[in-house]
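Working notes, structure below.
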Amino acid sequence: YKVIKQVFGFDQSRTPRYVAKAVTGQKLPFKKVCQQVAQICGVHHSMATVIISGLFDVLANNLDMGHSIELGDFATLRPSIRAKAQNNEKEATANTVYRRKVNLIPGKMLSDYLNNISVTRMEVSDSDLDLNP
């Protein structure tokens, strides 16, 4: 993690606070995900790409039908919505929905990973600083 200085909008005094934030790596492109799956499973890259793309289609179709999807010990995906509260039942319509999302509920594998992940402060050396913005 790294420590950053931040002013929170809910703080009336506008006092700067310091908070730990995750340091993340680069985004892994889909092509590289497929290459890694192909290596692990011992199949050709194109076969892994077809299978993963097929999985995405299955996920999208089933989420669209309102189904929860269990992904083994990794996680479960569950469709969800947020809607504005209404005074009576007739006013609670599809038009009151303001957010559609998919909840990821960690399974045992992901929970174990999250519980055992190390948390270490990142040291910034002088060479890491951008002295010429």
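Given charges of +1 on the Cβ of Lys and Arg and -1 on the Cβ of Asp and Glu, with all other atoms neutral, how large is the dipole of region 11-76 about its Cα centre, in debye to the nearest 20?
540 debye
Of the candidates Asn103, Asn62, Asn95, which one comes out as most mobile in a Gaussian network treatment of the chain with C-alpha springs shorter than 10 Å?
Between Asn103, Asn62, Asn95, it is Asn95 that shows the largest mean-square fluctuation.
Mind jotting down a quarter of the surface of the convex hull over the alpha carbons of the chain, in square nanometres, one decimal?
Spelled out: convex hull of the Cα atoms, projected over all directions, averaged, 15.1 nm².
Only bridges whose two residues both fall in the chain count here: according to DSSP, what percent of them are antiparallel, nearest 5?
100 percent
What do you get for trypsin sites (Lys or Arg not before Pro) in region 1-105 restricted to DSSP loop and a cutoff of at most 16 other Cβ within 10 Å of the site's Cβ?
Listed in order of number, the matching sites are Arg14, Lys27, Lys84.
Test of understanding: in a Gaussian network model of the chain with alpha carbons linked when under 10 Å, which of Gln36, Gln12, Gln26 would top the mean-square fluctuation ranking?
Comparing Gln36, Gln12, Gln26 in the GNM, the peak value goes to Gln12.
Need the full-extension length gain, Ser13 to Leu104, defined as separation in residues times 0.36 nm minus the C-alpha distance. One decimal, nm.
Contour length minus the Cα-Cα distance gives 29.2 nm.
Which residue fluctuates most in the GNM of the chain (Cα springs below 10 Å): Pro79, Pro106, Pro16?
In the Gaussian network model the winner is Pro16.
By how many nm would the segment from Ser80 to Val58 grow when fully extended, if each residue of separation counts as 0.36 nm and the alpha-carbon distance is taken off?
Computed gain between Ser80 and Val58 is 6.2 nm.
Keeping every protein chain in place, order Glu89, Glu123 by accessible area at 1.4 Å, biggest value first, i.e. largest first.
Glu89, Glu123
Using the crude model of +1 on Lys and Arg Cβ and -1 on Asp and Glu Cβ, and no other charge, please compute the dipole size for the chain relative to its Cα centre, in debye to 20.
Its charge dipole is roughly 400 debye.
By how many nm would the segment from Ala94 to Cys41 lengthen if fully extended, with 0.36 nm per residue of separation less the alpha-carbon distance?
Extra length from Ala94 to Cys41 when fully extended: 14.7 nm.
The values are calculated or read from the model by the stated rules, or taken from the named source; none is laboratory data. Note that the coordinates shown come from a computational prediction; the quantities given were computed from them, not determined experimentally. All Cβ positions, even for glycine, are placed from backbone atoms using ideal geometry, and neighbour counts span all protein chains on display. Ligands, DNA and RNA are excluded from the accessible area calculation, which covers all protein heavy atoms including side chains. Shrake-Rupley method; radii C 1.70, N 1.55, O 1.52, S 1.80 Å.
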